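Worksheet: one structure, shown below.
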Amino acid sequence: MAEKRGSPALGVLELEHIARGVLCADAVHKRTVIELLASRPVSGGKHLLYLRGEVAEMEEAMSIGVEIAGESLLDSLFLPMADLQLWPGIPDSKNPDELGYGEKWISDVILSAAIVETSTICSLLAAMDAACKETEVTVRDMRLGIGIMGKAFFTMTGELCDIEAAADAARAAADQQLLALEVIPAPANEIIGQLIQ
């Protein structure tokens, strides 16, 4: 197992209704010291709140958010030590145009790849965190709900044995929210740097 790397706690609330999402964002912001990274509607009419902060404060913020969300809550995620590879893909209201993983995959080494797709954003982030902590892989792309009907996916590359171990960890973490998980042992040159960023 790879060395566990972490950072501040990450909290995500995924709500069915935009109006209730805005109410949650307001309550969490007013009642805690957590940093509200973003509060935004996404495809499918969902509303997402992304939170960052210390573990104890995050526990309080998530409790408040879950309570306020009530029956509108579709999914939630609390990662006490989110893997560092998650943060570049997390929306940040201060830098809304700086999302994602812009680095192209350019290499003479033929690596393996995996694509993980889930029905909720929270389950994808949990799967990605588990995969990154399981073994040495590199996240290449992550999409969180926008333009893909509220679903989410990420791609990762690495040695085949690492990709298979990371895929198993992602599958277990996503559980019933997993829609698809595909492993490509040696991607064709034509898709390297295009479909797998």
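Suppose a student asked you for the relative contact order of segment 9-89, using Cα pairs under 8 Å spaced at least 6 residues apart; what percent would you report? Relative contact order for segment 9-89 comes out at 44 percent. Estimated at 0.36 nm per residue, the fully extended path between Asp92 and Val22 surpasses their Cα-Cα distance by 23.6 nm.
Distance from the C-alpha centroid of segment 137-166 to that of segment 27-46: 24 Å, rounded to the whole angstrom. Dipole magnitude for segment 112-184: about 340 debye, using +1 per Lys or Arg Cβ and -1 per Asp or Glu Cβ, origin at the Cα centre. Plainly put, segment 112-184 has a radius of gyration that is 0.94 times its Kirkwood radius, both from alpha-carbon atoms, as the Rg/Rh ratio.
Bear in mind that the values in this text are calculations on the coordinates, not laboratory data. On a predicted model such as this, the values are computed, not experimentally measured, just so you know. Here Cβ is always computed from backbone atoms with ideal geometry, including for glycine, and neighbour counts include all displayed protein chains.
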